[in-house]
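Notes to accompany the following structure.
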Amino acid sequence: HLFEPCPRGAERCRQRFAPLPRVVVHEQALSDRTTAGRLWCNSGPNKGWNTMVEAKLDPGMIEIDVQEVSVADFLSSEKIKAIHLMKIDVEGYEWRVLGGLLRALQNGALKRHPVVFVEIGWGDAHPDWERYSPLFQGFQALGYQIGGEFSGAGGTADRLWLPAGVPPEKLFSL
């Protein structure tokens, strides 16, 4: 399942993955809540830079209405009980997706805890940075450990979160 709320990006994904029927593109934003939301899409050359974080807009971005769906609601509607790997790169909205995933895990919506690879945009310069610490603590309380952290530009970092009992050397044999 691939989530891309920007219509232009969703269409590119549908074209790219058309030969792979198991890849389902959802023109929605995965979140911790099911609601109407706002997304700003880049109208310039960087078509991949879209954000739901109003404080981080670039000039010329176009605001559109999007549908947000909570992780729990999505899992329930699709009858999904297991996820092996979840890659999250949502340009600053990671805290919402992580919050939705954490709640779903705490409520037993999944039979196993997935490996989570997440980009944390802008690090402690993120306008919602204070929301991340309780999420990190929640994942740690469920037995998650950081399996790696990879730093990028502007304080952005990718973190690999491993569920309890999954050593990094076993990652690719799941």
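The values are calculated or read from the model by the stated rules, or taken from the named source; none is laboratory data. Because the structure is a prediction, the values reported are computed rather than measured. No Cβ is skipped: glycine too gets one built from the backbone with ideal geometry, and neighbour counts run over all protein chains shown. Ligands, DNA and RNA are excluded from the accessible area calculation, which covers all protein heavy atoms including side chains. Shrake-Rupley method; radii C 1.70, N 1.55, O 1.52, S 1.80 Å.
Quick one: dipole size for the range 40-103, taken about the Cα centre, charges +1 on Lys/Arg Cβ and -1 on Asp/Glu Cβ, in debye to the nearest 20. Don't jump to the answer; show the numbers that get you there.
Values: 7 positive and 10 negative charges, 72 e Å.
About 340 debye.
If you find the alpha carbon centre of the range 9-66 and of the range 81-112, how far apart are they in angstrom?
Centre-to-centre (Cα) distance: 18 Å.
Of all accessible surface on the chain at a 1.4 Å probe, what whole percent is carbon and sulfur? Show your work: numbers first, answer last.
Numbers: 4900 of 9410 Å².
C and S atoms contribute 52 percent here.
Would you pull out the residues with amide H under 5 Å of residue 120's amide H, same chain only if 5 or more places away, H placed 1.01 Å from N?
Those qualifying (amide H under 5 Å, at least 5 residues apart or on another chain) are 157, 158, 159.
Can you give the accessible area per residue of the range 1-84, in Å², using a 1.4 Å probe?
Working: 4910 Å² over 84 residues.
With all protein chains present, the range 1-84 gives 58 Å² per residue.
Relative contact order for the chain using alpha-carbon pairs under 8 Å, separation at least 6, rounded to a whole percent? Walk me through the numbers before you get to the answer.
On the way: 305 pairs, mean separation 29.8, N = 174.
In percent, rounded to a whole number, it is 17.
In the range 22-91, which trypsin sites (Lys or Arg not before Pro) are in a loop and have at most 12 other Cβ atoms within 10 Å, using DSSP for the loop call? Could the numbers behind the result be given before it?
Numbers: sites: 22, 33, 38, 47, 56, 79, 81, 87; in loops: 22, 33, 47, 79, 81.
The qualifying sites are 22, 79, 81.
So how much slack lies between residue 164 and residue 107, counting 0.36 nm per residue of separation and subtracting their Cα-Cα distance, in nm? Please list the in-between numbers first.
On the way: separation 57, 0.36 × 57 = 20.52 nm, distance 1.71 nm.
Length gained between residue 164 and residue 107: 18.8 nm.
Could you give the length gained by full extension between residue 142 and residue 8, i.e. 0.36 nm per residue of separation minus their alpha carbon distance, to one decimal place?
44.5 nm
Using only Cα atoms, what is the ratio of the radius of gyration of the range 40-102 to 2.2 N^0.38 Å? Show your work: numbers first, answer last.
Details: Rg = 14.1 Å, N = 63, 2.2 N^0.38 = 10.6 Å.
Against the empirical 2.2 N^0.38 Å value, I get 1.32 for the range 40-102.
Mind checking the dipole of the chain: about its Cα centre, +1 per Lys or Arg Cβ, -1 per Asp or Glu Cβ, Debye to the nearest 20? Numbers along the way, then the final one.
Numbers: 19 positive and 21 negative charges, 156 e Å.
Dipole magnitude for the chain comes out near 740 debye.
Multiply the residue gap between residue 151 and residue 124 by 0.36 nm, knock off their C-alpha separation, and tell me the result in nm, one decimal place. Don't skip to the end; give the middle numbers.
Working: separation 27, 0.36 × 27 = 9.72 nm, distance 1.28 nm.
Length gained, residue 151 through residue 124: 8.4 nm.
Per residue, how big is the convex hull of the range 1-94 when only Cα atoms are used? Give it in Å³. Please list the in-between numbers first.
Values: hull volume 9.4 nm³, N = 94.
Convex hull of Cα atoms, per residue: 100 Å³.
Just to check I understand the Karplus step: with θ = phi - 60° and J = 6.51 cos²θ - 1.76 cosθ + 1.60, what whole-Hz values come out for the range 36-49, glycine and proline as x?
Result, ordered by residue: 7, x, 10, 10, 9, 9, 6, 9, x, x, 8, 5, x, 8 Hz.
Give the long-range amide H neighbours of residue 30: residues separated by 5 or more places, or on another chain, with amide H under 5 Å away, using H modelled in the peptide plane at 1.01 Å from N.
Residues meeting the amide H criterion: 69.
Classify the range 56-174 as rounded, prolate or oblate from the Cα gyration tensor: take a ≥ b ≥ c as the square roots of its eigenvalues, call it rounded if a/c is under 1.5, otherwise prolate when a/b beats b/c and oblate if not.
Values: a/c = 1.91, a/b = 1.27, b/c = 1.51.
Oblate, since a/c reaches 1.5 and b/c is not below a/b.
Report ³J(HN,Hα) in whole Hz for each residue of the range 85-90, in order, from the Karplus equation J = 6.51 cos²θ - 1.76 cosθ + 1.60 where θ = phi - 60°; Gly and Pro get x.
Computed from phi, the couplings for the range 85-90 are 9, 10, 9, 10, 8, 10 Hz.
Show log10 I(q)/I(0) for the range 68-134 at q = 0.14, 0.18, 0.23 Å⁻¹, two decimals, from a solvent-free Debye sum over equal Cα scatterers.
Ignoring solvent entirely, the Cα scatterers give -0.43, -0.68, -1.02.
How big, on average over all directions, is the shadow cast by the Cα convex hull of the range 105-174, in nm²?
Details: hull surface 21.0 nm².
Mean shadow area of the hull around the Cα atoms is 5.2 nm².
So for the chain: antiparallel DSSP bridges make up what percent, rounded to the nearest 5? Write out the running numbers ahead of the final one.
Working: 20 of 29 bridges.
Antiparallel: roughly 70 percent of the beta bridges in the chain.
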